[in-house]
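Below is one structure, written out as structure tokens, with a few remarks after it.
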Amino acid sequence: MIRVTIWNENRHEKRNPKVTAIYPDGIHGAIKKGLEAYGFDARTATLDEPEHGLTDDVLNSTDVLVWWGHLAHGEVQDEIVEKVQQRVLAGMGLIVLHSGHFSKIFKKLMGTTCDLKWREANDKERLWVVSHSHPIMEGIGEYVEIDAEEMYGEPFDIPAPDELLMVSWFSGGEIFRSAVTYRRGLGKIFYFRPGHETYPTYHNAQVIRIIANGVKWTAPALNDPRKFGNAKALEAGVE
């Protein structure tokens, strides 16, 4: 069973009654419920817990970490970000959602500003699948349509993705690379755009299906077989 930890700063839910009404158990709670329906061993962690809920025991027993943040990126301790990065490099999967593009961990792994255009104006979003054979797109048709969402638009300052899975079109005319993958060390990373806190996006069955597919794809498949440092020669006669 794949072990998933859903991390959420859990600030909007405490401050904004509109968000509380949409996500009474928090964004992390909605995602947890959705992923449990796919048979994953899911738990949550939030910003205000000791060590942000990401203790060594939690990280070492996490196969895939799902990350949602917005208001408080700067409050995440650098030591925790370093630990998460090392776990990703060692093989832990990482799924970064929506405004998590500005999180310390995503920017650290990408090495760029990860900046973009945005507009919160009830835009319709149509996410077109451009890589139908990819496992993360399993069970998804030509596109996913969301009636109201925050707009993210190009330019999106990220490295060229290893794989581009979906491109979003918005009713204001913008487009955006909305589902992309990367590999860092032994870890797989999936960034997925939808999920502004004032919209019920994480109650959308197709959105949860894509995240669940992402969990399966990013989950580590093997232990690290690599050996670094000084090495003895395999062939005789070589010092």
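The values are calculated or read from the model by the stated rules, or taken from the named source; none is laboratory data. Model, not experiment: these values are computed from the prediction. When we count neighbours, we look across all protein chains shown, and the Cβ atoms used for this are built from the backbone with ideal geometry, even at glycine. Heads up: the accessible areas ignore ligands, DNA and RNA and are worked out on the full protein's heavy atoms, side chains in. Shrake-Rupley method; radii C 1.70, N 1.55, O 1.52, S 1.80 Å.
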Can you name the number of the only condition in (1) open to solvent by 60 Å² or more (accessible area, probe 1.4 Å); (2) part of a loop (DSSP other than H, G, I, E, B) that G173 fails?
-> (1)
Counting only residues in the range 9-32 that are part of a loop (DSSP other than H, G, I, E, B) and out of contact with any strand residue (DSSP E or B) (no Cβ under 8 Å at 6 or more places or on another chain), the one least open to solvent (accessible area, probe 1.4 Å) is identified as Y23
If we ask which residues in the range 69-118 are β-branched (V, I, T) and under 28 Å from G173 (Cβ atoms), their number turns out to be 3
Among Y191, Y202, which is assigned to a helix (DSSP H, G or I), open to solvent by less than 10 Å² (accessible area, probe 1.4 Å) and either in contact with a strand residue (DSSP E or B) (Cβ under 6 Å, 6 or more places away or on another chain) or not β-branched (V, I, T) (or both)?
-> Y202
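Condition check ((1) hydrophobic (A, V, I, L, M, F, W, C); (2) without any contact (Cβ under 8 Å) to a residue 60 or more places away in the chain) across all residues:
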{"site": "P17", "(1), (2)": "no, yes"}
{"site": "A21", "(1), (2)": "yes, yes"}
{"site": "G29", "(1), (2)": "no, yes"}
{"site": "K33", "(1), (2)": "no, yes"}
{"site": "A45", "(1), (2)": "yes, yes"}
{"site": "W68", "(1), (2)": "yes, no"}
{"site": "V81", "(1), (2)": "yes, yes"}
{"site": "A90", "(1), (2)": "yes, no"}
{"site": "L94", "(1), (2)": "yes, no"}
Would you check if E145 is buried (at least 16 other Cβ atoms within 10 Å of the Cβ), among the acidic types (D, E) and touching a strand residue (DSSP E or B) at 6+ places or on another chain (Cβ under 9 Å)?
-> no
Could you say whether any residue in the range 124-139 is in contact with a Phe, Trp or Tyr (Cβ under 9 Å, 6 or more places away or on another chain) and of a type in the set (G, A, S)?
-> no
Would you confirm whether any residue within the range 97-105 is more than 23 Å from L54 (Cα to Cα), aromatic (F, W, Y) and open to solvent by 10 Å² or more (accessible area, probe 1.4 Å)?
-> no
Could you tell me whether the range 219-226 includes any residue that is within 26 Å of G69 (Cα to Cα), in contact with a Ser or Thr (Cβ under 6 Å, 6 or more places away or on another chain) and of a type outside the set (D, E, K, R)?
-> no
Tell me which residues, restricted to the range 143-165, are in contact (Cβ under 8 Å) with a residue 40 or more places away in the chain, part of a strand (DSSP E or B) and among the hydrophobic types (A, V, I, L, M, F, W, C).
-> V144, I146, A148
Of the residues in the range 155-170 that are closer than 21 Å to S99 by Cβ and out of contact with any strand residue (DSSP E or B) (no Cβ under 6 Å at 6 or more places or on another chain), the one that is most open to solvent (accessible area, probe 1.4 Å) is P155
Single unsatisfied condition, V96 versus (1) modelled with pLDDT of 95 or more; (2) out of contact with any Phe, Trp or Tyr (no Cβ under 8 Å at 6 or more places or on another chain) = (2)
Can you tell me which of L89, L94, L71, L35 is open to solvent by less than 40 Å² (accessible area, probe 1.4 Å), aliphatic (A, V, I, L, M) and over 14 Å from Y202 (Cα atoms)?
-> L94
